Amino acid sequence: DVAPPRELTPAFFGCYDWHSSVHGHWLLARLARVRPDEGFAPAARAALERSLSAANIEAEVVYLAGDGRVSFERPYGLAWLLQVAAELREWDDAAARGWSRNLEPLESAAAERIRDWLPKLAYPIRAGEHSQSAFAFGLILDWARIAGDTETEGLLSETALRLYAGDHDCPLRYEPSGQDFLSPCLAEADLMRRVLRPAEYADWLETRNPAGRPLRLAGARDRDGPVRSEAGASGRPEPESSLDAGGDTLRAAGRGSSPPLPPVRGRPAPAARPGRRDGRVLRGRSLARQLRHLPGHRARSSGAVIRPCPPVSGHSIFQAPPREEAGCSERPHRSATWRRHYRRC
């Protein structure tokens, strides 16, 4: 890799990373296809002509097949590459058909890399960043159906059912995490709508989100104020953020205002925040009050230690059935999630 990216990967370079260049080319193809009469269309087509030449794609195939690159851009970058291929396949244009033919060797190599990987994936990857499996699976499944690749479609559908069909109680209220730009819960739901029949999907979605309550989520914010995302910082505060600048209040948008929270360790109580006029308010507690119920912290009332319930055979650790033991009882906590996860012993 000790060479300029324009030599190693001459089709996709010039961005911070390879996949950013790939989905940048997808955007060029998308815009030029759906808005062919706009002023940017000629420049977009010229850029695609330069990048997607047969020689450039051949060099990309050589790079992908190099030693030590079996996991290169897997799954996120490879999924976006297949989306570029899908976009070109759907474009009824002579030049686009030529770019699609040039891209076919790299397209086939990426699909083969994904097929080799899926049977080895024992668990889903639920991160909110590039490694997430659900988001990539959705992009790849769309490509497989457009390209008529029934082998990849079948293998991917089986893998999605194996990894996600039994999920329940997705903790959407804890999203987003600090560096997320994808939602693990929503991306999984978006994938399973492609795999399950409508009635099956409705039942699965209700089991997975029994409250049936959509939450309005916003980007995470640094303590200094700017909103962070993968693309960069806007520098403007969101009117409805899931986590405020001080990191104290977890809340979802809704009607009315949340009352002031009590002081925490001598700090002044945060002021009430106006909410939206429609929907519902899910009032959060301060971060410090949440931390009191983590394992190892002592409850103020009796000094008892809160510890996680051990898993029970045949049940998920997140839904272990209550058991009667001497000196143990379910904690009477307002949050159903915490009741399922922890008990006071």
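Coordinate-derived values only; no laboratory data. Just so you know, these numbers come straight off a predicted model, no measurement behind them. We place every Cβ from the backbone using ideal geometry, glycine too, and count neighbours over all the protein chains shown.
Structure notes:
- Chymotrypsin sites (Phe, Trp or Tyr not before Pro) restricted to segment 14-75 and DSSP loop, no more than 13 other C-beta within 10 Å: Tyr16, Phe40
- Between Cys15 and Ser21, the built amide H atoms are under 5 Å apart, and every one of these is 5 or more places off in sequence or on another chain.
- Taking the number of Cβ atoms within 10 Å of each Cβ as an exposure proxy, the fewest-first ranking of His25, His168, His19 is His168, His19, His25.
- Calculated from backbone phi, Karplus (6.51, -1.76, 1.60) coupling profile of segment 32-47 in Hz, x at Gly/Pro: 5, 6, 8, 10, x, 9, 6, x, 7, 4, x, 5, 5, 5, 5, 5
- Simple Cβ-charge dipole of segment 1-105, Lys/Arg +1 and Asp/Glu -1, about Cα centre, in debye nearest 20: 140 debye
- For segment 1-125, the relative contact order is 28 percent, taking Cα pairs closer than 8 Å that sit 6 or more residues apart in sequence and dividing their mean separation by the residue count.
- This ranking places Ile125, Ile140 by how few other beta-carbon atoms lie within 10 Å of each, fewest first, which gives Ile125, Ile140.
- Ordering Thr159, Thr150, Thr207 by the number of other Cβ atoms within 10 Å of each residue's own Cβ, fewest first, gives Thr150, Thr207, Thr159.
- Qualifying GluC sites (Glu not before Pro) in segment 1-73, DSSP loop, other Cβ atoms within 10 Å at most 14: Glu38
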